[in-house]
Amino acid sequence: MGPWLSCEETDLGYVWETDPFGTKAAVRRPAMGRFSHEAAAADPDRRVIYLTEDTPDGGFYRFVPTTWGDLSAGTLQVLRESGSTLSWVTVPDPDGSPTRTRRQVSGMKKFNGGEGCYYRNGTCFFTTKGDNRVWAYNAVNNTIAIAYDDGLTPNPPLTGVDNITGTSSGDLFVTEDGGNLEICIITPNDVVAPFLRVTGQSGSELCGVAFNPAGNRLYFSSQRGTSGSSSGGITYEVTGNFR
């Protein structure tokens with residue numbers, strides 16, 4: 001198991017490279033940009049890291065390491081849209097000071113509150129909480145599409161979209177920050193349905209959804225648990241035969 005990337009969801013926040021076994025100290029990676037980070041997803045095929053920004057006018061970024069596997073140096077880029085054409089443009093000042101990274105590139109495609117992101121088989125799926133959408137960035141064809149939009153779905157089962165992960169079969173699992181405090185599944189055939197619901201924790205949100213490497217255990221957290229405070233967080237494990 002390689003390092004885990006932990007993101008600071010604060011203005012001029014950093015990405016930290018951490019050791020999941022806890023034996024090595026976390027290392028700050030300023031080359032990956034300073035902004036309100038939410039999530040990161042590695043694309044080993046193109047050797048880049050995708051990054052979301054949790055602001056109403058945030059960007060969708062990718063970090064291109066100088067050497068794959070070494071996050072100490074590289075190039076931060078942001079997705080720009082001109083008509084129907086997408087391009088990746090280098091952010092001149094990843095430090096974001098005095099001009100924030102999302103305001104440095106003209107024509108940057110804006111996303112309303114970037115949340116979780118997850119890469120699989122040439123596509124990076126990511127969510128935006130401001131408009132309750134799941135996006136699919138096709139890295140092979142350099143195109144982007146909306147995979148889910150609760151505003152276009154009658155009686156939407158999934159609201160308050162937040163973190164996202166998936167399985168090798170193509171199923172996506174999306175947590176809710178609000179809504180019914182559910183994790184919903186989105187199948188490759190665009191069926192959207194509740195997978196599980198947490199009750200008695202209305203002051204919380206679900207987050208941190210992830211599978212173990214074998215794909216037979218699902219982990220997620222209730223950020224504030226039953227207490228409604230950060231000190232009351234609970235982490236759950238779900239076992240079973242996932243598709």
What FRET efficiency, computed as 1/(1 + (r/R0)^6) with R0 = 35 Å and r the Cβ-Cβ distance, is obtained for THR66 and ALA210, rounded to the nearest 0.05?
0.80
Karplus 3J(HN,Hα) series, Hz, for the stretch 195-212 with 6.51 cos²θ - 1.76 cosθ + 1.60 (x for Gly, Pro)
9, 8, 9, 9, 10, x, 9, 5, x, 10, 8, 8, 7, x, 6, 6, 9, 6
Heavy atoms of ILE164 accessible to a 1.4 Å probe, total area in Å² rounded to 10:
10 Å²
What size of dipole, in debye to the nearest 20, comes out for the stretch 170-227 about its Cα centre when the only charges are +1 on Lys and Arg C-beta atoms and -1 on Asp and Glu C-beta atoms?
240 debye
Skipping prolines and chain starts, which residues have an amide H placed within reach, meaning under 5 Å, of the one on ARG217, given they are 5 or more residues away or on another chain?
ASN212
Which of rounded, prolate, oblate describes the stretch 126-243, given a ≥ b ≥ c as roots of the alpha-carbon gyration tensor eigenvalues and a/c under 1.5 marking rounded, otherwise prolate only if a/b is larger than b/c?
oblate
Which shape class, rounded, prolate or oblate, goes with the stretch 153-216 when its Cα gyration tensor gives a ≥ b ≥ c as root eigenvalues, a/c under 1.5 marks rounded, and past that a/b bigger than b/c marks prolate?
oblate
Taking the convex hull of the alpha-carbon atoms of the chain and averaging its shadow over every direction gives an area in square nanometres of 13.5 nm²
Give the shape of the stretch 1-82 as rounded, prolate or oblate, defined through the alpha-carbon gyration tensor: a ≥ b ≥ c are the square roots of its eigenvalues, a/c under 1.5 means rounded, and otherwise the shape is prolate if a/b is larger than b/c and oblate if not.
oblate
Can you list the residues, at least 5 places off or on another chain, whose amide H is less than 5 Å from the amide H of GLU205, using H built in the peptide plane?
GLN223, ARG224, GLY225
Distance in nm between pseudo-label sites at ARG80 and ALA136 (7 Å out along the Cβ direction from Cα)
2.8 nm
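The values are calculated or read from the model by the stated rules, or taken from the named source; none is laboratory data. Computed from a prediction, not measured in an experiment: that's the story for all the values here. Here Cβ is always computed from backbone atoms with ideal geometry, including for glycine, and neighbour counts include all displayed protein chains. Just the protein is used for accessible areas: all its heavy atoms, side chains included, with ligands, DNA and RNA removed. Shrake-Rupley method; radii C 1.70, N 1.55, O 1.52, S 1.80 Å.
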